[in-house]
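To start, the structure itself, in structure tokens.
Just so you know, all these numbers are worked out from the coordinates, no wet-lab data involved. From a predicted model like this one, the values you see are computed outputs, not experimental measurements.
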């Protein structure tokens, strides 16, 4: 009997709202970082990560890398894609792409280095197999 793993790329379609437009008339840089965090949390929840990790652990961001390639504007539809590039002892690298639906142009790409920590002390802790085993990985970072 074979076990079917979920698609390693998690996707979400959003429409750019007026509240993320900056003084230059396009999506504010900070909005992308927020969207990166939001989709990471959604993806993790979809693979039942919170249940697998228990209440004594959590994830925190060690580092974000982001490259802005093209601007996005109010009303445009953007597909956000995220995937887990690797799972290490206490860290996991997650990648992201933001693609404008109307022309399939890559707007932004990024990655976040997440650290698994003790929820009370904040000290890094080893990622248990119960968590690592449910995290589908795609090694191609495409960054």
*5 Å binning of all Cα-Cα separations within the chain, expressed as whole percents from 0 upward*: 2, 10, 19, 21, 17, 13, 10, 6, 2, 0, 0, 0
_Over the chain, relative contact order from alpha-carbon pairs under 8 Å, at least 6 apart, %_ = 29 percent
*Alpha carbon centre of the stretch 1-62 versus the stretch 95-143: separation in Å?*
9 Å
